[in-house]
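S.K.: My structure is below; once you've seen it, I'll send some questions.
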Amino acid sequence: MTLLSRVVVPVATEDDARSTCAALEPHLDEIEQVIAVHVIEKAGGGIDKAPLEKRREDAAEMLATVDSLLGGRVSVDTRVAFGTDVVSTLFEEAGDANATAVAFAPRSGGRLVRFLSGDTATRIVTEAELPVVALPRVEET
Amino acid sequence: MSDDELAKDLGLLSAMTIGIGTMIGAGIFVLPGIAAQEAGPVVVLSFIAGGIIAMINALSVSELGTAMPKAGGGYYYVNRALGPMFGSIAGLGDWMGLAFASAFYAIGFGGYLVTFVPLPDVLFLSGVQVGALLAGVLFTAINYIGAKETGGIQTVIVLMLLGILGIFATGGALAFDYATLSGEALGDGQSGLAPAATGGFGAVFPAAALVFVSFLGYAKIATVAEEMKNPGRNLPIAIIGSVGIVTVIYAVLVTVMLGVVSWPDLSLETPVAQAAEVAFLEIGTGETIALGVASLMTIGALLATASSANASILSSARINFAMGRDKIVMPALNEIHPQYATPYRSILLTGALIVVFIATLGRDLAVLAAAASVLHLVVYALMNVALIVFREADVPEYDPDFEVPLYPITPILGTVFSLGLIAFMAPVEILLSALFVVGAVVWYFLYARDQTVVEGVLSEEIRERGEEMPDAVVGAADAVAPSGGEERPTVMVAISNPRTESALVTLAGAIAQHQGGRVLATHIVQVPDQTPLAVAAENRDRIGAESEKLLDAAKTDAETFDVPIETKTILSHRGLAEVFDAARTNDADTVVMGYGGARFAGGRVEGKLDELTHNLPCDFLVLNDRGFDPSRVLLPTAGGYSSDLSAGVAVALRDVLDASVSVLYVADEGEREAGEEFIADWAAEHDLSDAELLVEEGRDVEGAIEAAAADRTLVLIGATGRGLLSRVVGGSLAFSVLEELDTSVLLAERPAERSLLERLFGRQ
């Protein structure tokens with residue numbers, strides 16, 4: 001049992017799915033199972049900011065990407081989670097999955113964008129309920 | 001809680017507040033002044049008339065919404081029922097209507113804003129327009145960034161608004177004076193409840209056309225139906241309830257307003273603030289309180305118009321999404337922003353429209369109101385027709401939890417009233433709406449027709465019942481039917497591994513070339529069960545290299561044929577069911593697949609398989625490949641429906657691959673001559689006169705086939721009974737021919753009847 005044995009990997013977009021998989025590449029021999037999670041932010045009783053069906057379709061695609069990129073090497077589980085708060089939903093999902101850690105490749109973005117989008121990367125670290133591993137981004141070939 | 005419950009978190013109260021919040025913004029805070037100029041005190045009747053028309057439409061929307069709780073609302077229903085041409089009108093109409101309505105709300109917002117912050121005129125824009133533009137840009141920006149909004153906020157805003165309006169109603173009722181309402185002090189022509197100056201009671205309906213914009217909120221509930229908890233119950237209550245509540249609020253509050261301030265004096269921009277100030281002064285609260293209440297009304301108006309505009313922008317993103325999915329507009333419009341997770345392109349475009357409408361038409365609030373109303377009325381009229389089509393076509397999938405009372409009277413009245421109200425608009429507004437409809441149809445023919453594949457229930461009915469219908473009607477239905485992906489017969493080949501790829505593609509290519517069709521090569525990738533619902537990955541390069549290699553090989557193999565080939569990787573954990581789905585989605589006419597793949601995939605869904613294969617979406621050819629060589633084909637037949645297909649395939653193999661075909665008929669003992677006659681006729685009928693004709697006598701059909709197959713390379717069997725495929729694939733039928741022959745076997749099964757709605761609803 002190592003830190004990355006059962007690792008939860010948050011995936012935000014299709015591109016994020018690819019770069020996260022690339023970043024996980026060097027560590028695959030430590031990993032038994034990758035649990036890729038995409039959290040769809042809900043308005044909790046208001047109108048969602050994006051059509052739900054579209055978010056679900058996109059989620060299925062990006063999770064399938066993770067599965068197709070890593071599925072041959074390690075066991076891959078994929079989940080779509082819904083919650084009003086992306087970060088706490090992510091940790092809830094990780095708890096359900098008995099994960100050993102959360103690993104993510106922080107996405108770039110200026111301060112303004114981070115501020116406006118809620119700065120998920122910082123919150124994952126500061127509100128961690130499990131060990132959190134920040135993966136260095138690998139240039140894709 | 002299950003994921004689905006978490007995903008659908010819009011409760012009854014929230015849904016109701018979306019409706020109420022969107023509607024009262026316009027009706028109470030913005031319109032009464034202008035509407036009163038149109039009709040005098042009887043404008044109250046105009047609001048009630050608008051409410052009744054809205055209520056009839058609300059009943060229809062409720063039925064359609066519970067039958068199809070999908071994103072997109074009106075567009076979705078019209079497109080499914082009446083086809084993409086009317087779908088284009090409804091979708092673009094709903095979208096533009098929402099943009100006009102948002103511009104209208106923004107102008108209302110600007111009108112109240114200038115009472116707080118004096119804004120200068122800029123270039124050709126009035127101060128109100130400047131305020132409206134600021135609001136329009138702000139609402140667009142908020143939705144672009146996807147400000148964290150929780151359901152609580154909308155509910156709180158609406159409750160606050162109701163509270164504010166309650167204060168107004170109380171003060172207004174105390175200051176209410178019937179003499180003011182009936183205009184006793186006014187001059188000739190302006191006095192009375194239905195003053196001559198505005199055209200007496202005749203002005204009620206033209207004013208109703210104007211105020212109809214204040215009822216546009218209820219349909220927005222339907223556009224977010226997919227997010228609702230228990231839509232079967234909550235959707236009708238929310239829609240009908242919100243229309244009922246706002247109609248009562250309008251009737252009461254407008255009466256109060258006109259009993260406080262005489263109609264010719266009612267403010268055009270800020271009627272509620274003005275009436276509140278007058279009312280509270282009159283009941284002797286002193287100037288400070290009266291001004292305070294007026295300011296409170298202004299705050300309420302800003303909140304109300306802002307939430308109306310906001311809900312409209314969110315709602316328009318749903319309509320865009322639904323249209324994009326059917327390819328009526330570019331799907332790329334619905335791309336989700338990587339950081340903000342919002343449909344930013346759709347929101348930007350809608351925002352741009354709103355800004356343009358404010359800048360060009362914002363000086364006259366009535367024009368924006370009319371434009372929004374007329375477009376929505378067109379959509380509502382089409383929606384009522386859609387409801388009738390769904391009911392009359394007896395669509396099995398159409399099973400609403402809520403049904404309109406008094407069918408067919410209700411939807412007919414809905415159509416007539418919606419169109420009737422348009423007739424009360426100014427000629428220039430009618431002309432513009434006609435131009436819009438023409439524009440939407442032009443859009444359909446220039447862009448959408450080649451893209452979309454969804455055909456409506458109506459035109460399917462007409463085209464399927466071609467012989468019973470007048471030629472002109474069929475011709476018209478053909479002329480407007482979608483052409484996207486339907487120009488050539490599609491032969492879909494489901495490839496599962498490199499071993500059988502070449503054989504399957506060769507078969508598919510030969511059939512496609514013979515029919516003048518195209519080949520669609522699909523690789524269905526089985527993914528683990530935990531992976532969420534399978535999705536067709538449009539970009540091949542997203543998936544592993546294996547898939548790419550396989551499909552490239554397919555392309556190369558298909559090149560020998562004179563047919564276009566398309567390739568697609570589909571991720572699924574559902575195996576055979578996915579093949580069926582893909583056949584439906586891609587509107588395939590023939591599916592070619594391997595026996596091994598079918599059997600393997602089939603084993604996993606034993607229970608459902610039977611159901612599936614009894615309901616084939618199109619012709620199916622299943623190849624049991626033992627070294628594919630189509631040079632000498634054996635075609636056993638007993639005549640009948642399914643053998644038409646196997647004969648067609650044999651002809652294709654003969655014409656395209658120079659196969660020699662032998663037809664085998666097993667006659668009863670002593671019936672050889674009758675058998676020979678039958679087989680000769682049958683061969684001639686099926687364009688196989690040049691084939692070698694074999695007739696065997698006896699009962700051992702399988703033995704005969706086996707013997708004849710010995711020096712042939714491919715046995716082509718038409719599945720004679722429905723469900724044969726199912727039993728073979730499922731392994732329950734010991735069809736020894738398939739198992740024991742050394743030659744390859746191609747099993748052909750044609751669906752008994754391709755049902756009309758499968759193609760329509762099969763997409764989901």
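The values are calculated or read from the model by the stated rules, or taken from the named source; none is laboratory data. Remember, it's a predicted structure, so these values are computed and weren't measured experimentally. Glycine gets a Cβ as well: all are built from the backbone with ideal geometry, and neighbour counts include every protein chain shown.
S.K.: Within region B:314-331, is even one residue of a type in the set (V, I, T), part of a helix (DSSP H, G or I) and more than 12 Å from chain A (Cβ to nearest Cβ)?
M.R.: No.
S.K.: Can you tell which of A:R123, A:R114 is modelled with pLDDT under 85, out of contact with any Asp or Glu (no Cβ under 6 Å at 6 or more places or on another chain), part of a helix (DSSP H, G or I) and over 17 Å from A:T2 (Cα atoms)?
M.R.: The unique qualifying residue is A:R114.
S.K.: Kindly evaluate A:V102 against the criterion of being more than 9 Å from chain B (Cβ to nearest Cβ) and either in contact with a helix residue (DSSP H, G or I) (Cβ under 8 Å, 6 or more places away or on another chain) or assigned to a helix (DSSP H, G or I) (or both).
M.R.: Judged against the criteria, A:V102 is a match.
S.K.: Which count do you get for residues in region B:397-426 that are modelled with pLDDT under 90 and touching a Phe, Trp or Tyr at 6+ places or on another chain (Cβ under 6 Å)?
M.R.: Result for region B:397-426: 3.
S.K.: Hey, another quick one. Please go through region B:21-56 and pick out each residue that is closer than 24 Å to B:F417 by Cα and within 14 Å of another protein chain (Cβ to nearest Cβ).
M.R.: Scanning region B:21-56 gives a single hit, B:T22.
S.K.: Quickly run through region B:249-281 and pick out the residues that are free of Cβ contacts under 8 Å to residues at least 12 places away in the same chain and either of a type in the set (A, V, I, L, M, F, W, C) or more than 14 Å from B:Q37 (Cα to Cα) (or both).
M.R.: The answer is B:L281, and nothing else.
S.K.: A:V76 fails exactly one of the following numbered conditions: (1) closer than 20 Å to A:E41 by Cβ; (2) within 10 Å of chain B (Cβ to nearest Cβ); (3) out of contact with any Ser or Thr (no Cβ under 6 Å at 6 or more places or on another chain); (4) of a type outside the set (D, E, K, R). What is the number of that condition?
M.R.: Result: A:V76 passes all but (1).
S.K.: Can you say whether B:G136 is crowded, with 24+ Cβ neighbours inside 10 Å and farther than 18 Å from B:I221 by Cα, as far as the supplied structure shows?
M.R.: It is true that B:G136 is crowded, with 24+ Cβ neighbours inside 10 Å and farther than 18 Å from B:I221 by Cα.
S.K.: Might you let me know whether region B:332-344 holds any residue that is among the charged types (D, E, K, R), buried (at least 19 other Cβ atoms within 10 Å of the Cβ), closer than 30 Å to B:A440 by Cα and within 14 Å of chain A (Cβ to nearest Cβ)?
M.R.: no
S.K.: Residues A:A134, A:A94: which one is closer than 19 Å to A:S5 by Cβ and surrounded by fewer than 18 Cβ atoms within 10 Å (Cβ to Cβ)?
M.R.: A:A134
S.K.: If A:A60 satisfies every condition in (1) at negative phi; (2) over 14 Å from the mean Cα position of the chain (by Cα); (3) among the small types (G, A, S) but one, which is the exception?
M.R.: Only one criterion in (1) at negative phi; (2) over 14 Å from the mean Cα position of the chain (by Cα); (3) among the small types (G, A, S) is unmet by A:A60, namely (2).
S.K.: Please work out if A:D67 is among the acidic types (D, E), buried (at least 23 other Cβ atoms within 10 Å of the Cβ) and either in contact with a Leu (Cβ under 7 Å, 6 or more places away or on another chain) or within 7 Å of chain B (Cβ to nearest Cβ) (or both).
M.R.: It is true that A:D67 is among the acidic types (D, E), buried (at least 23 other Cβ atoms within 10 Å of the Cβ) and either in contact with a Leu (Cβ under 7 Å, 6 or more places away or on another chain) or within 7 Å of chain B (Cβ to nearest Cβ) (or both).
S.K.: Does any residue in region B:403-417 that is buried (at least 21 other Cβ atoms within 10 Å of the Cβ) come within less than 7 Å, Cβ to Cβ, of a residue that is charged (D, E, K, R) six or more places away or on a different chain, and which pairs are these?
M.R.: B:V404/B:E63
S.K.: Next question, about the same structure. Just to be sure before I move on: is B:G131 surrounded by 15 or more Cβ atoms within 10 Å (Cβ to Cβ), away from chain A (no Cβ under 13 Å), at pLDDT 90 or above and over 24 Å from B:A276 (Cβ atoms) in the structure I sent?
M.R.: When the stated conditions are applied, B:G131 does not pass them.
S.K.: Every residue in region A:24-56 that is surrounded by 20 or more Cβ atoms within 10 Å (Cβ to Cβ) and either farther than 30 Å from B:L13 by Cα or hydroxyl-bearing (S, T, Y) (or both), please.
M.R.: Correct list: A:L24, A:I31, A:V34, A:I35, A:A36, A:V37.
S.K.: Still on this model: Of the residues B:A537, B:A554, B:A545, only one is away from chain A (no Cβ under 14 Å) and either crowded, with 21+ Cβ neighbours inside 10 Å or at pLDDT below 80 (or both); which?
M.R.: B:A554
S.K.: Between a residue in region A:19-32 that is farther than 17 Å from A:A99 by Cα and any residue that is part of a helix (DSSP H, G or I) and among the polar types (S, T, N, Q), which pairs come within a Cβ distance under 8 Å, given they are 6 or more apart or on different chains?
M.R.: A:C21/A:T65
S.K.: Can you pull out the residues in region B:204-234 that are in a helix (DSSP H, G or I) and either without any contact (Cβ under 8 Å) to a residue 40 or more places away in the chain or within 14 Å of chain A (Cβ to nearest Cβ) (or both)?
M.R.: Correct list: B:A219, B:K220, B:I221, B:A222, B:T223, B:A225, B:E226, B:E227, B:P231, B:N234.
S.K.: Still on this structure, I have one more. Find the helices (runs of 4 or more DSSP H) located wholly in region B:6-118 whose residues include 3 or more that are at pLDDT below 90, and list them.
M.R.: B:12-27, B:32-39, B:74-82, B:84-116
S.K.: Are there any pairs with C-beta distances below 7 angstrom linking a residue in region B:325-344 that is under 25 Å from B:G83 (Cβ atoms) to a residue that is surrounded by 18 or more Cβ atoms within 10 Å (Cβ to Cβ) and among the aromatic types (F, W, Y), with the two at least 6 apart or on different chains, and if so which?
M.R.: What qualifies is B:N334/B:F321.
S.K.: Then there is this: Kindly indicate whether any position in region B:150-159 is part of a helix (DSSP H, G or I) and more than 14 Å from every other protein chain (Cβ to nearest Cβ).
M.R.: Taking every residue of region B:150-159 in turn, none turns out to be part of a helix (DSSP H, G or I) and more than 14 Å from every other protein chain (Cβ to nearest Cβ).
S.K.: Of all residues being hydroxyl-bearing (S, T, Y) and part of a helix (DSSP H, G or I) in region B:428-462, which is modelled with the highest pLDDT? Just the residue, please.
M.R.: Among residues in region B:428-462 that are hydroxyl-bearing (S, T, Y) and part of a helix (DSSP H, G or I), the one modelled with the highest pLDDT is B:Y444.
S.K.: Out of all the residues in region A:46-54, is one or more among the β-branched types (V, I, T) and away from chain B (no Cβ under 11 Å)?
M.R.: Looking through region A:46-54, none of the residues is among the β-branched types (V, I, T) and away from chain B (no Cβ under 11 Å).
S.K.: Can I ask one more? Does B:F100 count as in contact with a helix residue (DSSP H, G or I) (Cβ under 6 Å, 6 or more places away or on another chain), in the same structural domain as B:A225 (by TED's automatic domain parsing) and among the aromatic types (F, W, Y)?
M.R.: yes
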